Each structure stands twice: as structure tokens, then as C-alpha cells.
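See structure below.
The values are calculated or read from the model by the stated rules, or taken from the named source; none is laboratory data. In this text, all values refer to a predicted model and were calculated from it rather than measured experimentally. Methodologically, a virtual Cβ is constructed for each residue, glycine included, from the backbone with ideal geometry; neighbour enumeration extends over all protein chains shown. Note: accessible area is taken over every heavy atom of the protein model, side chains too, but ligands, DNA and RNA are not part of it. Shrake-Rupley method; radii C 1.70, N 1.55, O 1.52, S 1.80 Å.
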Amino acid sequence: MVERGKNVLTRAYLGANEILQMAGRVHGRVQHGEVYVLSDRDLAFEDLRPTAPEFQLAGDAERVAITCAAMVSTPPSSSCQFHSTGGLTGGSVELLTDRGLIEHGRLTTYGRAVEAMPV
């Protein structure tokens, strides 16, 4: 993890999604398809169920607005939540709409071209 600009080694427990994904990658590559999970937690592998993925968008408000529009999500919504000091729903979306990148909460053709650029 990055804390105050420095890489810091942090112990974090894996969630059900990560454990199931790793086991799925290994399953077809080992003899008899057996997977052993070594952990100090009491895990019942058979009871693990995938959950909705969690992620966090970071960056300036305009970049987050473009990413949300590319995901066909209009800010703020349940699928695209963010904490912004500048207030994303205010000027950022309006600015990008005025410039022709976003229309009706979705990227325009021009918006898709700009979104692909590393700006």
C-alpha cells in the first residue's frame, strides 16, 4: 500500500473474491485439481461465495467523471461512489458536458477519444 507517498508493506486478509480467483487459477494446473489454503483464519472454502467487487476511483474530479461516464454511470450513483473535496457533481460534469465529452451521463465519441489519451 502507498502511505504518504511511500510504499509500505501491509498485512491484509484476502476476501472471498481473491481466494476464489486464486484457487480457480491453480485448480486446472495441479494434479487432481486440489487446492490447499494455508491461513491463520478459520476458512471454510466450500462456504466462500463471490461478492460484488469493490473499487475506488482516484484522481482529479474530471478524470473520475470521465471514468464514470465510460462505465455508463452518472455521478453520484450506487455503482460509482466517490469522495471529492471539489464536488464532482458540480463543475466537473458540467465542464465536460459543455466541452462535448459527456452527454446524458455517457461519453460521446469525442469523449471516448479523449478518455483513451493519457491526459
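Here are some notes:
- Accessible area (Å², per residue) of the range 1-43, counting only protein heavy atoms and a probe of 1.4 Å: 96 Å²
- Amide hydrogen proximity for Glu103: with H placed 1.01 Å from N in the peptide plane, the residues at 5 or more positions away or on another chain lying under 5 Å are Thr108.
- Amide N of the range 1-21 lying under 20 Å from the label point, which is placed 7 angstrom from the Cα of Asp40 along Cα→Cβ: 1, 8-16, 19
- Karplus 3J(HN,Hα) series, Hz, for the range 35-52 with 6.51 cos²θ - 1.76 cosθ + 1.60 (x for Gly, Pro): 10, 10, 9, 9, 8, 8, 9, 8, 9, 10, 4, 5, 8, 5, 10, x, 10, 4
- Mean shadow area of the range 1-52 over all directions, Cα convex hull, nm²: 5.4 nm²
- For the peptides 31-40, 2-11, 107-116, 61-70, the ranking by mean Cβ contacts within 10 Å, running from highest to lowest, is 61-70, 107-116, 31-40, 2-11.
- Once both labels are positioned 7 Å from their Cα atoms along Cα-to-Cβ, the gap between Met1 and Ala16 label points is 2.3 nm.
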